[in-house]
Amino acid sequence: MADQLVRNRLSKVLPKGMELSHFGVLNLLARLQTERTPAELARAFHVTRGAMTNTLTKLEWAGYVHIRPDWDDARRKLVSISPSGKAARDAALAAISPLIDDIAQSLGDARVRQTIPVLREIRLRLEGE
């Protein structure tokens, strides 16, 4: 339930037309600052290649990512974030930061710091399955 509530609140404050999945991909590409294949992105987000292809198609249509052929392996494509994608990611981050800050402040720094290792452990265990 907490996951659904957080996703709902975040979706409401994202810039118009941006979905949470779009933000996730843009945020990852912005942090890594390297190209990734659609398959690598699908694995990173634990979604099917079809779902990632759908997300990437929407991001490319919006001008947020560049998708090009891999010159070393013509069967693959490479995805990178565009300048407008970086701007959209920054706008989304600016929109969600107050919500996250408010929640973190109301819980207190100590409780948030205690929660992070537990959430990380849950993620690692679920990834191993």
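The values are calculated or read from the model by the stated rules, or taken from the named source; none is laboratory data. Computed from a predicted model, the values in this text were never measured in an experiment. Glycine gets a Cβ as well: all are built from the backbone with ideal geometry, and neighbour counts include every protein chain shown. Note: accessible area is taken over every heavy atom of the protein model, side chains too, but ligands, DNA and RNA are not part of it. Shrake-Rupley method; radii C 1.70, N 1.55, O 1.52, S 1.80 Å.
Below is a table of values for the structure above.
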quantity	calculated
Cα long-axis angle, helix 49-61 against the chain (0 to 90 degrees, to the nearest 10)	80 degrees
The chain: relative contact order in percent, alpha carbon pairs under 8 Å with at least 6 residues between	25 percent
Debye, to nearest 20: dipole size of the range 43-86, +1 on Lys, Arg Cβ, -1 on Asp, Glu Cβ	120 debye
For the range 13-71, size of Cβ-based charge dipole, Lys and Arg +1, Asp and Glu -1, in debye	80 debye
Solvent-accessible area, 1.4 Å probe, carbon plus sulfur percent, for the chain	56 percent
Surface per residue (accessible, 1.4 Å probe) for the chain, Å²	71 Å²
Sorted peptide list for 36-44, 10-18, criterion being average Cβ within 10 angstrom, highest first	36-44, 10-18
Nearest-10 value in Å² for the accessible area of Arg89, using the 1.4 Å probe	40 Å²
In degrees, nearest ten, helix 83-107 long axis to first principal axis of the chain (Cα)	20 degrees
Long-range HN-HN contacts of Thr37 with modeled amide H, under 5 Å	Val79
Net charge of neighbours whose Cβ lies under 13 Å from the Cβ of Ser11, counting Lys and Arg as +1 and Asp and Glu as -1	+2
